[in-house]
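J.: Take this structure first; my questions come after.
The values are calculated or read from the model by the stated rules, or taken from the named source; none is laboratory data. Owing to the predicted nature of the structure, the values given are computational and were not obtained by experimental measurement. Here the Cβ positions follow ideal geometry from the backbone for every residue, glycine too, while neighbour counts run over all protein chains shown.
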Amino acid sequence: MVQFDPQLHLPTSAELPCSDDTPVDNENQNFIPNFLLFLLEFIWATRRDWYFGIDMGIYHTTGVSTLVPVVPDGFLSLGVERRKARGSRSSYVVWEENNIAPIFTLEVVSRTPGGEYEEKMAIYAKLGVLYYVIYNPDFWQRDRHQPLEIYRLVAGVYQLQIGEPYWMPEIGLGIGRTVTLSGGLEREVLSWFNQQGVRYLTPEEQLNLYRQQFGELPPGRE
């Protein structure tokens, strides 16, 4: 949990912009976190205690200013309202979320380096994000890193983990790479896995699997 000084004057979410308005420069930066969100909505359809944000400012009290957000490509928080009473969030303001910081953040490396391995890693560590995932399928050789790196915060320092898919017990999900069909095209994505390392299928994949097995649509899908 993030600690802060109760004497601080903290702005409300209505006073804060939703992001830093930095445009993405490759399709994966939007597609990958959206794919994870849509799949999570299917996996956790009955749960109301989580939130997955995409390209959204996280305002916190552990940085240089409460007015300066950090903006991951994607992040997951647990133990928060699925939707705020007033509707959807415009930003994630930690002091309005019972001081619950995200448990998971995702950065998809772009053509223009964005400090994923230095500045942002330091920010997430100070914020207390337990899992930090860096997906770098296109520029990993340039950056001298691996295409997928999963870090866990241990005693305030991120340690690179091994194994894929990688199981995250505090979240109850694993994460790893897979190739799936989307919009009629095969593409590599990040996906969620269960504890046995079995990938969660998308609704489209489940429908196609049913058709292959039974040669027809399931009841109610005709």
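J.: Within region 105-120, take every residue that is among the β-branched types (V, I, T) and out of contact with any strand residue (DSSP E or B) (no Cβ under 6 Å at 6 or more places or on another chain) and give me the one that is farthest from Y51 (Cα to Cα).
T.: It comes out as T112.
J.: Among the residues that make up region 42-53, is at least one of them at pLDDT 95 or above, crowded, with 16+ Cβ neighbours inside 10 Å, touching a Ser or Thr at 6+ places or on another chain (Cβ under 9 Å) and not aromatic (F, W, Y)?
T.: yes
J.: Residues that are in contact with a Leu (Cβ under 6 Å, 6 or more places away or on another chain) and over 21 Å from L201 (Cα atoms): does region 156-166 have at least one?
T.: So far as region 156-166 goes, no, none of its residues is in contact with a Leu (Cβ under 6 Å, 6 or more places away or on another chain) and over 21 Å from L201 (Cα atoms).
J.: Identify, please: which residue in region 9-39 is part of a helix (DSSP H, G or I) and modelled with pLDDT under 90 and is, among those, nearest to S182 (Cα to Cα)?
T.: N28
J.: Find the residue count for region 183-196, including only residues that are exposed (fewer than 14 other Cβ atoms within 10 Å of the Cβ) and either closer than 25 Å to D138 by Cα or of a type in the set (V, I, T) (or both).
T.: Looking only at that region, the number is 4.
J.: Right, here's the next one. Of R89, R111, R152, which residue is modelled with pLDDT under 95, under 28 Å from R47 (Cα atoms) and among the basic types (K, R)?
T.: Answer to the selection: R89.
J.: Can you spot a residue in region 135-157 that is touching a His at 6+ places or on another chain (Cβ under 7 Å) and either under 24 Å from N34 (Cβ atoms) or in contact (Cβ under 8 Å) with a residue 12 or more places away in the chain (or both)?
T.: Within region 135-157, the subset touching a His at 6+ places or on another chain (Cβ under 7 Å) is 136.
Filter once more, so that each one left must be either under 24 Å from N34 (Cβ atoms) or in contact (Cβ under 8 Å) with a residue 12 or more places away in the chain (or both): 136.
Within region 135-157, one or more residues are touching a His at 6+ places or on another chain (Cβ under 7 Å) and either under 24 Å from N34 (Cβ atoms) or in contact (Cβ under 8 Å) with a residue 12 or more places away in the chain (or both).
J.: Give V179, V157 a once-over and let me know the one that is over 16 Å from the mean Cα position of the chain (by Cα) and farther than 25 Å from L78 by Cα.
T.: V179
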